[in-house]
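Take a look at the structure set out below.
The values are calculated or read from the model by the stated rules, or taken from the named source; none is laboratory data. Just so we're clear, the structure is a prediction, and the values are computed from it rather than from any experiment. Cβ sites come from the backbone with ideal geometry, for glycine too, and all protein chains shown count toward neighbours.
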4 protein chains.
Amino acid sequence: MAAERTSYDEKLTLILKTAAAVFAEKGYHRASIRDISRASGISLSGLYYYFESKEELLYLIQDHSFGTLVSNLKSLLAGESDPRRRLYLFVENHLRFFVSNMKEMKVLSHESDSLEGEYRRRVNERKRRYTDLCTSILEELRAAESGASGDPIPTRLAVFALFGMLNWIYNWYRPGRDIPIDEMVDGMVHLFLNGYLGGAVPALSGEWSGGEGTPSIWRR
Amino acid sequence: MAAERTSYDEKLTLILKTAAAVFAEKGYHRASIRDISRASGISLSGLYYYFESKEELLYLIQDHSFGTLVSNLKSLLAGESDPRRRLYLFVENHLRFFVSNMKEMKVLSHESDSLEGEYRRRVNERKRRYTDLCTSILEELRAAESGASGDPIPTRLAVFALFGMLNWIYNWYRPGRDIPIDEMVDGMVHLFLNGYLGGAVPALSGEWSGGEGTPSIWRR
Amino acid sequence: MAAERTSYDEKLTLILKTAAAVFAEKGYHRASIRDISRASGISLSGLYYYFESKEELLYLIQDHSFGTLVSNLKSLLAGESDPRRRLYLFVENHLRFFVSNMKEMKVLSHESDSLEGEYRRRVNERKRRYTDLCTSILEELRAAESGASGDPIPTRLAVFALFGMLNWIYNWYRPGRDIPIDEMVDGMVHLFLNGYLGGAVPALSGEWSGGEGTPSIWRR
Amino acid sequence: MAAERTSYDEKLTLILKTAAAVFAEKGYHRASIRDISRASGISLSGLYYYFESKEELLYLIQDHSFGTLVSNLKSLLAGESDPRRRLYLFVENHLRFFVSNMKEMKVLSHESDSLEGEYRRRVNERKRRYTDLCTSILEELRAAESGASGDPIPTRLAVFALFGMLNWIYNWYRPGRDIPIDEMVDGMVHLFLNGYLGGAVPALSGEWSGGEGTPSIWRR
DNA sequence: AATGAATGAGGGTTCATTCAT
DNA sequence: CATGAATGAACCCTCATTCAT
């Protein structure tokens, strides 16, 4: 008697998940709502009951993903004050979530320019706060570790180098075929921590020809 | 009498440069040939004298960029055998070229999935060789520096972490408003070298709850 | 205990009034049932309890309006036999009703082609009878006034000129900002009566170049 | 040898004429670009070479029609200063043009609300000027004819009554089956001139029950 | 070497309408 | 009585591409 019906929320979730997969596969602009209709088994017009436009659909995916990512992080960091552990948790949360939600995170990383107007503003606001949180962890870290010698790495550079390392994985990491996540987390933290806090690198710069950079056919 | 006509090559170069800018601005799929016609001042059908399809145009841009990037690198590395210096030169070449040709490199980094078939194969082949070169530098580096203790960072992870750091810059680096390239190069090399070669990070892992990762609305 | 429920009729009336306003505002074809749902506060599917199709809804509006217009007119003309007064009452009824029910009358005037089949037939039948009534008033009028000199104005032309004068008001008349209805009624009756019954206009025609009419780019 | 090719302008003219017919037949909103494609024999996308949007197409039709209507009028009125003759020419031009370009004029009269924004503004501006011209003719007329007695008909009312008479014809006039244009022109001028200039109509007003107008189901 | 004109395929979106509940 | 959820058909418009000139 207890009919097994799918609720509105379940269906919306299915749609978001399917759409994320389609967007991840073909890219947002190349993907058509018809693709999503086909992949989800819901009629083209039926989809519009759940979102108002393709752009809103992208926003919903990004917003949901980001929301969960951040909310998970918050509960992890809640009781922790040691900067090293906080960084570790940050990286671990980011990578685990990324690997568990590869499609969504690819969409989040790759389609940041695809939103416009208010949607874009909102997602960017979330990104800014997430970046700020990362920045403050790095600053605590530097404050805690006094031994730094030589010119320190600019924090902004460090933050985005870290995000680059982490976000780039959708371009190469294949779960099951690459190393397990645990090892990736350890490796990334290790790499970044030693790099960020480690002693000065022997001077090498200034000796390269440089000038206006590499000549190329593009420069004419 | 000697009319100042623009040659075929000059015009092709103009088209590639313009198209790269348009693709960088709107993304490959969102950009239309009409956009490129408008931006270049060449008629829609006139463009087709210089390429056979939109996809070939993308290929030409990526192939040209990559070709120059690699050729520059080759001549820089030519006389150098010290692994540290070789890494430095690799990073410097990559970043300088990237910043000098931001549009093209964004297209190269961002639109790797937009090519198909033979075009894709060819660009991927170039990427593989470039990656291999980077890999071998990192291996030389590790071989040269004996002091490494503890579990070393997997080379594959290190390579892609490095590429992530470098390629991500199109998402944040604004020439003129951010630090000069020299400092960015120093910072990136410093960060990566210390990270890659530095001593083991105090064990932190294994203590996180994890399991299948963070619960999320996506996982239901 | 006596719940103050709105009856079926009240709700239907609300719907017709709301729909008339929406149709008047956006035009029948441009307006959507969703617009009416929004404007009336009744759910999209809930509306279909009161009519079977959008076209029937339009029919109901036109039929109701016309019915009331004619029924009012009938009771006004009931005891009156003087042709001038009968015309006056005709015009007054038409204009007053029009101004009091601007939305509905705009729909009636403007959307006469939007009905098809049986619906159209029925409304047209009502229009025909209404027109016939007007025609007969004009004929009585002419019969009563013997003084007409020269070629009389063809009745069919007079009838439709009158309807044009009257119906056009939805294009310009703004209650409150234009003259009061009374004056408009007087003015219209005056204009039409003098025109219809007045002496011949000095011959002016036949002197215009004309031929097939005005040359225009359309005629090529 | 002399190829019989149709020029751009000829094709545009064909499209405007065809589109006017389709819009007149089905109404602007109900008509689809596909209908116009079918009717003109030009492919759907091919049409967009000649206009940028359906709305621009409507604008082009209205603007062209109005332009010709007014330009014809201007050259007719050029040498004429007698108010009566000026009115006659105004009406004759309007009606002849209307009948010769029934489709376009129906679109012009019936679809005045279908344009928005800048397009609407421009057409309305033309309409305003045309209306002003008519108004000034009526004023000259009244000034010239001193004999007017009693309260004169408000000019604004007279102008729009005249336009109503004239524009309404798309609702009833069938060339070939109705009276010839000449007679219609004479009739309309006669009707309006006598009405507008004629002596006062015997007082009839004020005796009707009225009040707030006719009670109706709509007024609740 | 270059272009104006044209097109088939497909894009996102809206609509009137239905039906189980 | 009333609604939430769903759909097929159709809409306007854009696109990469072609081809005669």
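Within the range A:32-47, residues that are closer than 19 Å to A:Tyr8 by Cβ sit with their Cβ atoms under 7 Å from residues that are within 7 Å of DNA strand F (Cβ to nearest atom) and part of a loop (DSSP other than H, G, I, E, B), at 6+ positions apart or across chains, in these pairs: A:Ser37/A:Ser43. The single condition from (1) within 16 Å of DNA strand E (Cβ to nearest atom); (2) in contact with a Gly (Cβ under 7 Å, 6 or more places away or on another chain) that B:Ser100 fails is (1).
The rows are residues; the columns are (1) at pLDDT below 95; (2) farther than 24 Å from C:Glu118 by Cα; (3) within 13 Å of DNA strand F (Cβ to nearest atom).
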site	(1), (2), (3)
C:Gly27	no, no, no
C:Arg30	no, no, yes
C:Asp35	no, yes, no
C:Ile42	no, yes, yes
C:Leu58	no, no, no
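Residues that are out of contact with any Phe, Trp or Tyr (no Cβ under 9 Å at 6 or more places or on another chain) and in a helix (DSSP H, G or I) were ranked within the range B:1-18; the one that is surrounded by the fewest Cβ atoms within 10 Å (Cβ to Cβ) is B:Asp9.
If the condition is being among the aromatic types (Phe, Trp, Tyr) and more than 14 Å from every other protein chain (Cβ to nearest Cβ), then the range B:98-149 contributes only B:Tyr119.
Rundown of residues vs (1) small (Gly, Ala, Ser); (2) surrounded by 20 or more Cβ atoms within 10 Å (Cβ to Cβ); (3) touching a residue at least 24 places away in the same chain (Cβ under 8 Å), yes/no style:
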{"position": "D:Val99", "(1), (2), (3)": "no, yes, yes"}
{"position": "D:Glu104", "(1), (2), (3)": "no, yes, yes"}
{"position": "D:Leu108", "(1), (2), (3)": "no, yes, yes"}
{"position": "D:Ser114", "(1), (2), (3)": "yes, yes, yes"}
{"position": "D:Tyr119", "(1), (2), (3)": "no, no, yes"}
{"position": "D:Arg129", "(1), (2), (3)": "no, no, yes"}
{"position": "D:Glu140", "(1), (2), (3)": "no, no, yes"}
{"position": "D:Asp151", "(1), (2), (3)": "no, no, yes"}
{"position": "D:Thr155", "(1), (2), (3)": "no, no, no"}
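Can you name every one of the helices (runs of 4 or more DSSP H) wholly within the range C:77-195 that holds 2 or more residues which are in contact with a Phe, Trp or Tyr (Cβ under 9 Å, 6 or more places away or on another chain) and over 22 Å from C:Gly67 (Cα atoms)? Once the helices (runs of 4 or more DSSP H) in the range C:77-195 are filtered for at least 2 residues that are in contact with a Phe, Trp or Tyr (Cβ under 9 Å, 6 or more places away or on another chain) and over 22 Å from C:Gly67 (Cα atoms), what remains is C:117-144, C:155-167. Consider the range A:58-78 and keep the residues that are among the polar types (S, T, N, Q) and within 11 Å of chain B (Cβ to nearest Cβ). The one that is nearest to DNA strand E (Cβ to nearest atom) is A:Ser65. Criterion applied to D:Trp172, D:Trp208 was being at pLDDT below 90, at the interface with chain C (Cβ under 7 Å from one of its Cβ atoms) and surrounded by 14 or more Cβ atoms within 10 Å (Cβ to Cβ), and the one residue passing it is D:Trp208. Within the range D:150-168, the set of residues being more than 7 Å from chain C (Cβ to nearest Cβ) and of a type in the set (Val, Ile, Thr) comprises D:Thr155, D:Val159. Residues in the range B:5-23 that are within 13 Å of DNA strand E (Cβ to nearest atom) and of a type in the set (D, E, K, R): B:Arg5, B:Asp9, B:Glu10, B:Lys11. Taking the range C:24-57 as the range and being more than 12 Å from chain D (Cβ to nearest Cβ) and either more than 9 Å from DNA strand E (Cβ to nearest atom) or part of a loop (DSSP other than H, G, I, E, B) (or both) as the test, the residues that pass are C:Arg38, C:Ala39, C:Ser40, C:Gly41, C:Ile42, C:Ser43, C:Tyr48, C:Tyr49, C:Tyr50, C:Phe51, C:Glu52, C:Ser53. Annotation: of all residues in the range B:68-87 being more than 16 Å from the chain's Cα centre (by Cα) and hydroxyl-bearing (Ser, Thr, Tyr), the one that is farthest from B:Trp172 (Cα to Cα) is B:Ser81.
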